[in-house]
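Encoded as structure tokens, the structure appears first; notes follow it.
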Amino acid sequence: MQTAQTTVDPAEIAKFEAMAAEWWDLEGKFKPLHMLNPTRLDYITRQIAAEFDRDLMADKPFDGLRILDIGCGGGLLCEPMARLGADIVGADAAERNIPVAQVHAEQSGLDIDYRFTTAEDMAAAGEQFDIVLNMEVVEHVASPLSYLTACQQLLKPEGLHICSTINRNPKSFAMAIVGAEYVMRWLPKGTHEFNKFITPDELFALLEQAGLNPVDRKGFKFDFLGWSWSISDSDMSVNYVTAALKPA
């Protein structure tokens, strides 16, 4: 893959290349993401339904919508989007993720367009989408502003951008790094770098600089007693998600 300009961080890509085969192992290195995925999907589907006036009780509520999942990994979000009727493209800069995602989609009987590419290359090619899903990626890129600008360019006017990441504070360090990587050993040590975490206010400012209009933010809160995730209106201390629109 040749790129003239990219925000890809080779060291970050290497981390996910090493884990590629485990994407669909519910007890493997991506166990935290599998646990979080239903909550992510709840937020994503509600935002899309509200913005595009879709009935989530319909058979294929996202029929006619073109969606990009940038940093798609093994396809944990692409597959449910395809089942909801969307024309879904999954893109990832880690080459080894793509065949894993393709094989699983084929086994599931789903038609998903997976590509080994970057946001910048797709934007340069003039690709356009109704929705860009940008989940747990921005904390791994070399230049968040340049990356978010490419995501903005990939959206049609009035398109929807959904971005989740990790806050930067002592609690997020304790939970996302010490807890997840060293205590629970859910993730390999070094998966996250604390200085790359982004606060909600910082992310809103970056989205605005990239030409997007932030309209919502919520927290993903983990309940240790119930061992489950939920959406929180107020607690964005660790994981959180944002919605933003591209002006008409």
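How much mean residue ellipticity at 222 nm does the chain get from its helices, if each DSSP H run of length 4 or more adds -39500 (n - 2.57) and you divide by all residues, to the nearest 500 deg cm²/dmol?
Result for the chain: -9000 deg cm²/dmol, rounded to the nearest 500.
Too long at a 21 Å Cα-Cα cut-off: which of Lys196/Lys246; Lys218/Lys246; Lys31/Lys189?
Violating the 21 Å Cα-Cα cut-off are Lys196/Lys246.
Let's test the formula: R0 of 41 Å, r as the Cβ-Cβ distance of Tyr182 and Glu158. What FRET efficiency results, to the nearest 0.05?
FRET efficiency, Tyr182 to Glu158: 0.40.
With every protein chain left in place, what is the accessible area per residue of region 10-226 in square angstrom, probe 1.4 Å?
Computed with neighbouring chains in place, this is 43 Å² per residue.
Cross-link candidates for Lys221: which aspartates and glutamates have Cα within less than 19 Å, leaving aside residues fewer than 8 places away along the same chain?
Filter leaves Asp42, Glu136, Glu139, Glu181, Asp201, Asp233, Asp235.
Can you say what percent of the DSSP beta bridges in the chain, counting only those with both residues inside, are antiparallel? Round to 5.
50
Could you give the DSSP H helices of the chain that reach 20 angstrom or more along their long axis (alpha carbon positions) and whose average Kyte-Doolittle hydropathy is no lower than -1.0?
Span-like helices here: 31-52.
Enter the accessible area of Asp53 (Å², nearest 10), with the probe set to 1.4 Å and all protein chains included.
Counting only protein heavy atoms, the figure is 140 Å².
Region 91-164 to region 228-242: how many Å between their Cα centroids?
Taking the Cα centre of region 228-242 as reference, the centre of region 91-164 is 23 Å away.
Compute the Cα gyration tensor for region 126-241, then decide on rounded, prolate or oblate, letting a ≥ b ≥ c be the square roots of its eigenvalues: rounded whenever a/c is under 1.5, prolate when a/b is larger than b/c in the other cases, and oblate in all that remain.
prolate
What is the gain in length, in nm to one decimal, between Ser228 and Gln209 on full extension, counting 0.36 nm per residue of separation less the C-alpha to C-alpha distance?
3.4 nm
With the Cα gyration tensor of region 1-158 giving a ≥ b ≥ c as the square roots of its eigenvalues, does the rule (a/c under 1.5 for rounded; else a/b larger than b/c for prolate; else oblate) give rounded, prolate or oblate?
oblate
Need one number: nm distance between label points at Ala174 and Asp201, each 7 Å from Cα along Cα→Cβ, rounded to one decimal.
Label-label distance for Ala174 and Asp201, simple model: 2.2 nm.
At R0 = 35 Å, how high is the FRET efficiency between Arg66 and Lys189 if r is their beta carbon distance? Nearest 0.05 is fine.
Working from the Cβ atoms, E equals 0.40.
Ranked by accessible surface with a 1.4 Å probe, highest first, in what order do Phe30, Phe52, Phe194 come?
Phe194, Phe52, Phe30
The values are calculated or read from the model by the stated rules, or taken from the named source; none is laboratory data. Only a predicted model underlies this, so the values are computations on that prediction, with no experimental measurement involved. Cβ sites come from the backbone with ideal geometry, for glycine too, and all protein chains shown count toward neighbours. Ligands, DNA and RNA are excluded from the accessible area calculation, which covers all protein heavy atoms including side chains. Shrake-Rupley method; radii C 1.70, N 1.55, O 1.52, S 1.80 Å.
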